[in-house]
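The values are calculated or read from the model by the stated rules, or taken from the named source; none is laboratory data. Owing to the predicted nature of the structure, the values given are computational and were not obtained by experimental measurement. Cβ coordinates were reconstructed from backbone atoms using ideal geometry, including for glycine residues, and neighbour counts include every protein chain displayed.
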Amino acid sequence: MGTATLSPVNSHNEWDPLEEIIVGRLDGATIPGHHPVVACNIPPWAGRLQGLAAGFRYPRLLLERAQQELDQFIGLLESLDVTVRRPEPVDHKKRFGTPDWSSRGFCNTCPRDSMLVIGDEIIETPMAWPCRYFETHSYRPILKDYFRRGARWTAAPRPQLTDELFEPGFRPAAAGEPVRLILTEFEPVFDAADFVRAGRDLFVTRSNVTNRMGIDWLRRHLGPAYRIHEIESSCPTPMHIDTTFVLLAPGKVLVNPEYIDVDRLPDVLDTWDVLVAPEPDPINEPLLKITSMCGKWLNMNVLMVDEKRVIAERHHTGMLRALEKWGFEPIPCDLLHYAPFGGSFHCATLDIRRRGTLESYFD
């Protein structure tokens, strides 16, 4: 068992009582720059549309609905006595570059992707999307404040993101074919949202933004005190673990029946209850169907307030009922219109401080 830290950053798992969190911001959001690593995760027709719209602002109608729901979500967190921090507004239309390429930005709606919290340490991740290269700069005032107050602050090696990182002529696997990934092993890249934490054990999926070299970098950085287990996913366009494999509480994990073969889960989970996610409730809004950057399984993208209370999407009544049946206390909230900007409750947040210590939940 670890000891409590004086650092303002202290989060070891997905379920200890939540005390402080970062919530993303919609201001200045721009349709992401056209690149194969962006387009490979969406249908071909959507990729063509995204390429034409890259660099433009999102439609006001999308932004206004999402902002209303985001404000209500923040109000809910504060009503639960959770301290909420926010990144700085950014004009994502500004072009930036390296000696090898240039791009416009995207948004800072999803702090879960660009930063990974392990205990009292925040790790800036080496993301594979060029349009997200400087995304953590909007969080720098918060990061510097945490560092001055005792947190550890690390940045993984900044990637070059040259053509060598991406498979030429890549196309996602068709139905019945083995999963293919666009990333090579040219350099380490990973999004933090491909990892979930259970104390001394982390679980990860390789994806179109996380390669094996990125997982190896984190494994070596954390050292022998931690174990990282890979979760096999059959998602044809994998990106982020939190609609595939979600840790809810000690001994309870939620899995996606479309992407996960429960018989192939890591052996350490043999004593855990594997809860199979119910089919998501259908979404009938045409605009959301066209603009969502996420798959249908966002009903799994929940945020644990503690081991019992869980914030979940009000629209997905099947998931709310399932959570109650499994012994949780769901808190319904609206965030359905955040999907065009990258996700739902887990994606939109980064838990900074949870009241607990470093534990091992597996023998």
Quiz item: Applying the selection to segment 286-315, what residues are acidic (Asp, Glu) and touching a helix residue (DSSP H, G or I) at 6+ places or on another chain (Cβ under 8 Å)?
Solution: Glu313
Quiz prompt | Restricting segment 231-253 to residues that are in contact with a helix residue (DSSP H, G or I) (Cβ under 8 Å, 6 or more places away or on another chain) and either more than 25 Å from Ile123 (Cβ to Cβ) or of a type in the set (D, E, K, R) (or both), the residue that is surrounded by the most Cβ atoms within 10 Å (Cβ to Cβ) | solution = Asp242
Quiz item: From the residues in segment 206-230 that are without any contact (Cβ under 8 Å) to a residue 24 or more places away in the chain and loosely packed, with under 15 Cβ neighbours inside 10 Å, which one is farthest from Thr125 (Cα to Cα)?
Solution: Pro224
Quiz item: So, of the residues in segment 231-276 that are free of Cβ contacts under 8 Å to residues at least 40 places away in the same chain and within 16 Å of the chain's Cα centre (by Cα), which turns out to be nearest to Val310 (Cα to Cα)?
Solution: Val255
Exercise. Given the conditions (1) without any contact (Cβ under 8 Å) to a residue 60 or more places away in the chain; (2) in a loop (DSSP other than H, G, I, E, B), report the number of the one that Ala128 does not fulfil.
Key: (1)
Quiz item: Taking segment 135-155 as the region of interest, how many residues are buried (at least 19 other Cβ atoms within 10 Å of the Cβ) and either among the polar types (S, T, N, Q) or outside any helix (DSSP H, G or I) (or both)?
Solution: 3
Self-check item: Odd one out for Ala339 among (1) over 26 Å from Leu62 (Cα atoms); (2) in contact (Cβ under 8 Å) with a residue 24 or more places away in the chain
Solution: (1)
Quiz item: When residues of segment 216-229 are filtered for being touching a Lys or Arg at 6+ places or on another chain (Cβ under 7 Å) and closer than 19 Å to Arg112 by Cα, how many remain?
Solution: 1
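Looking for whichever is among the acidic types (Asp, Glu), modelled with pLDDT under 95 and loosely packed, with under 14 Cβ neighbours inside 10 Å here; the options are Glu324, Glu285, Glu329. Which one fits?
Details: Glu324 fails: modelled with pLDDT under 95; Glu329 fails: modelled with pLDDT under 95.
The unique qualifying residue is Glu285.
Which residue, of Thr125, Thr109, is within 30 Å of Arg220 (Cβ to Cβ) and of a type in the set (Val, Ile, Thr)?
Details: Thr109 fails: within 30 Å of Arg220 (Cβ to Cβ).
Only one candidate qualifies: Thr125.
Residues that are surrounded by fewer than 17 Cβ atoms within 10 Å (Cβ to Cβ), at least 3 per element: which helices (runs of 4 or more DSSP H) completely within segment 1-114 meet that? If you could, list the steps in order and put the result at the bottom.
Numbers: elements: 36-39, 44-53, 60-79, 111-114.
Those helices (runs of 4 or more DSSP H) span 44-53, 60-79.
Evaluate segment 184-198: report whether one residue or more is at pLDDT below 95, in a loop (DSSP other than H, G, I, E, B) and of a type in the set (A, V, I, L, M, F, W, C). Don't jump to the end; show me each part of the working.
Taking segment 184-198 as the starting set, the residues that turn out to be at pLDDT below 95 are none.
No, the conditions are met nowhere in segment 184-198.
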Quiz item: All but one of (1) within 23 Å of Pro332 (Cβ to Cβ); (2) assigned to a loop (DSSP other than H, G, I, E, B) hold for Thr271; which doesn't?
Solution: (1)
